[in-house]
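Notes follow once the structure below has been shown.
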């Protein structure tokens, strides 16, 4: 009984030990790692016209920016994207290669629930996933995590978005 | 004065190309000095054009820089400082309306409307509050209630552990913490979690939450206890104090271990200890234990939920009415025909007086369908059929519902 009565105080005292939380890899480090420590200069895809409409359709809302920064080219590109799960943005690093998702990693997770999505046992499902032709859906099922529905949904949206934006990068042949 | 060959050639070209100095009929050819003067004039014009070009390039660079700054300002949401409070505050909620046509009632009820507020004080300190209006109208003789279902401050200790203090949802069962209408099958919440756990169950106290290893998480908290009574046959659902000037003479503790190591599969178990189930009001009742275990599986279109929960209440009082054992379980297979349509069946069995010899057990079968026109909006329909033991009345019929979350 004494233990039960004293535990709230112990827990509250533990609050004073608060440290930083939720940054599993700095976005810059993710980009550097993706390009063997020699990342190219970033470029942007402007969200205009059809690109903006499709981006809105994928996310279910407007992307909170006029453009999206990427590193690489039309063959292989890396992206740092954010989407809100329940009420906080989840920062995710994605690498697209030849129209397939080469890698997806949760870099910063700020939500109180659903942190399981950052683990490889969940993100490994996205490896080599692509888009269907018509609806721009993922071409494979992704199994969710109970209690992390909104975080899972956010990562699926970002995977679709990166795969789509990759197609909007001008290829070398398009360069004037 | 010496002139090199290039200068003379240039002079010749300029002379030929400049109408002003074109040879006039009958006129004499320009002298070398005149040519030199022309060259100097042309050189000055070239220098002026170069300066003009550099100035234009600088202006273009300046415009680029300003455009970049403008885009960044728009992307960052405008003037620095404005909206910072809004950026750290979130609002959400959910609601559901039901039409019940069963033997016990025929009614339309806006069962719940919940508003959620969250605010980040810092990256590691935040608050969460959830206010619920039940049954549409509260106050006076109305059936409704206004309740604070959650209201706590959460502190992150590090990237794997946090602690919260305030009113929070206890970590027990499948629905107690996640019960937004689009997330479960059936118009009404299942009777086992409602009557045995009892969902929705919140309490004031403090809790540690964290991750032990990838896929393994834990909760442990100390909080207000239940306060049930002999008048209610010691039914645990009647004992929720809802943090409303809650009697804290006898606290309770809840611990949960959850495994989600494979996508689509959750397995969890909870133990709750009540140091006195009547808060000392009934000397014939003593402490109590709850044991709960469940799995929640969703692999591709196939789903399966199964849960077992059991209360053991100590003391002669609960034993005398059979409430010393209160238990139940359900199993709920489901199948998603498409992303927007899912069907389910559920078998529920529960008994809040399982310790007696009489027939107080209840059984209910449910079948139904969910339709999600949007991932956050759901329309539901189900049929319920009861097969209760003894002379207990069955409550059969159908239910319709609409729900949303945002």
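None of the figures in this text is laboratory data; all of them are computed from the coordinates on show. Model, not experiment: these values are computed from the prediction. Glycine gets a Cβ as well: all are built from the backbone with ideal geometry, and neighbour counts include every protein chain shown.
Just a few scattered comments:
- Between residue B:271 and residue B:369, the modelled labels are 4.6 nm apart [label points 7 Å from Cα along Cα→Cβ].
- Once the Cβ-Cβ distance of residue B:72 and residue B:339 is raised to the sixth power relative to R0 = 45 Å, the FRET efficiency obtained is 0.75.
- For the range B:50-72 versus the range B:82-123, the inter-centroid distance based on Cα atoms is 51 Å.
- The alpha carbons of the range B:102-206 give a radius of gyration and a Dmax of 16.1, 53 Å, in that order.
- For chain B, built as a Gaussian network whose Cα springs stay under 10 Å, the top-fluctuating residue of B:295, B:31, B:183: B:31
- Nearest-0.05 FRET efficiency for residue B:158 and residue B:59, computed from C-beta distance (R0 51 Å): 0.45
- Per-residue [θ]222 nm for chain A (sum of -39500 (n - 2.57) over DSSP H runs n ≥ 4, rounded to 500): -9000 deg cm²/dmol
- Of all the options B:164, B:362, B:105, the one that moves most in a Gaussian network model of chain B with Cα springs shorter than 10 angstrom is B:105.
- Note on residue B:310 and residue B:142: their simple-model spin labels are 4.3 nm apart, each label 7 Å out from Cα toward Cβ.
- Mean partner shielding of peptide B:159-168, defined as the number of other chain Cβ atoms within 10 Å of each residue Cβ, is 4.
- Rg/Rg_ref, the range A:117-176, where Rg_ref = 2.2 N^0.38 Å and atoms are Cα: 1.34
- Chain A: relative contact order as a whole-number percent, Cα under 8 Å and 6+ apart: 21
- Length-normalised contact order of chain B in % [C-alpha pairs under 8 Å, at least 6 apart]: 11
- Rounded to 10°, Cα long-axis angle of helix A:149-166 versus longest principal axis of chain A: 20
- Only helical runs count toward this figure. For chain B, summing -39,500 (n - 2.57) over DSSP H runs of n ≥ 4 and dividing by all residues gives -5500 deg cm²/dmol at 222 nm.
- Kirkwood Rh in Å, taken over all unlike Cα pairs in the protein assembly as shown: 28.3
- Angle between chain B longest axis and helix B:32-75 axis [Cα atoms, degrees, rounded to 10]: 10
- Whole-number Å³ per residue for the convex hull built on Cα positions in chain B: 276
- Of interest is the spacing of the C-alpha centroids, which for the range B:208-282 and the range B:334-398 amounts to 25 Å.
- Peptide B:258-266, shielding by other chains (average Cβ, 10 Å cutoff): 6
- Burial order of peptide ranges B:261-273, A:50-62, B:189-201 (average beta-carbon count within 10 Å, highest first): B:189-201, B:261-273, A:50-62
- Paramagnetic label zone (point 7 Å from Cα along Cα-to-C-beta, residue A:171; backbone N under 18 Å) in the range A:34-50: none
- Of A:108, A:68, A:44, the one that fluctuates the most in a GNM where chain A has Cα springs shorter than 10 Å: A:44
- Approximate spin-label separation residue B:379-residue B:87, in nm, with each point projected 7 Å along Cα-to-Cβ: 4.2
- Taking the C-alpha atoms only, the angle from helix B:5-17 to the longest principal axis of chain B is near 90 degrees.
- Principal axes of chain A: Cα extent on each, largest first, Å: 76, 35, 29
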